[in-house]
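The values are calculated or read from the model by the stated rules, or taken from the named source; none is laboratory data. Here the structure is a predicted model, which is why all the values come from computation and not from measurement. Glycine also receives a Cβ, built like all others from the backbone with ideal geometry; neighbour counts cover every protein chain displayed.
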Amino acid sequence: MTEEIETTETQQSEMPFALIQGAPLTDLPKDLYIPPDALEVFLEAFEGPLDLLLYLIKKQNIDILDIPIARITEQYMSYIELMEILELELAGEYLLMAAMLAEIKSRMLLPRHTEDEDEQDPRAELIRRLQEYERYKEAAENLDKLPRYERDIFSTVAEFPGRKTNHKPPEVAMETILKVFSEVVVRAEMFSNHMIQREVLSVRERMSIILEKVNTETFIDFKDLFTVEEGRSGAIVSLLAILQLMKDSLIQLVQNEPNGQIYVKAAS
């Protein structure tokens, strides 16, 4: 048992501190020098001067409509001085806001005459900008809380190699039926004549004829249900009979691809 403990301690002591160009480093170099400013920690990060002002106001639960401009200006300038001490790069916007706060503070200190009581509050423009920024910031935070694809929600695909899927044949649209029927009518016009005679055509009888041509095992071409020698009237009667049989669920029309041939069989 003692030998196992010694072996474990030996293995732990030999673990490298780092890998430098693939070579393990087990002993710290004696001439290692770490500059004092090599590590910097930022506790607060602000996106701009308005963000900093809003943070100072909310931190002290100050009413945004009644900002104590002197106290806020003092705290703002303290933060600017801290950034300079830490040698952080100050954006021009922060300095511009500092000048604006100083101007507002000086205007607030000036005495007001009686006739100037209706003069606009020097803080009004700053308050308006802060309220507008607060609305946009709150809207951005609400948007960020929404579930985001590939951050909070991830898609997945489940495969079932042994599963068989039976695809239902696509339904035949009425527009497709009428398009194919128009071709039949064109062919029927080739056999029309000018003899005037009365023909007795029965839709019910044509339904029986169509049912005799179809069966539940094989498909036949939709055009084969028409007799072009009967002319336009015969084609129309056949179409009415087919539509009635479809309505009564006695026959089934199938089309393998869009604008393809239509096939008919008896309904099972």
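Things worth noting here:
- Test: residue in region 151-162 that is hydrophobic (A, V, I, L, M, F, W, C) and either in a helix (DSSP H, G or I) or surrounded by 10 or more Cβ atoms within 10 Å (Cβ to Cβ) (or both): no
- Index of the failed condition, Ile210 passing every other in (1) surrounded by 11 or more Cβ atoms within 10 Å (Cβ to Cβ); (2) part of a loop (DSSP other than H, G, I, E, B); (3) not basic (Lys, Arg): (2)
- Identity of the residue in region 100-134, surrounded by 11 or more Cβ atoms within 10 Å (Cβ to Cβ) and of a type in the set (Val, Ile, Thr), that ends up modelled with the highest pLDDT: Ile127
- Taking the criterion of being loosely packed, with under 12 Cβ neighbours inside 10 Å and either assigned to a strand (DSSP E or B) or at pLDDT 85 or above (or both), no residue of region 250-264 qualifies.
- Candidate set from region 14-63 (those that are modelled with pLDDT of 80 or more and of a type in the set (Lys, Arg)); member that is surrounded by the fewest Cβ atoms within 10 Å (Cβ to Cβ): Lys59
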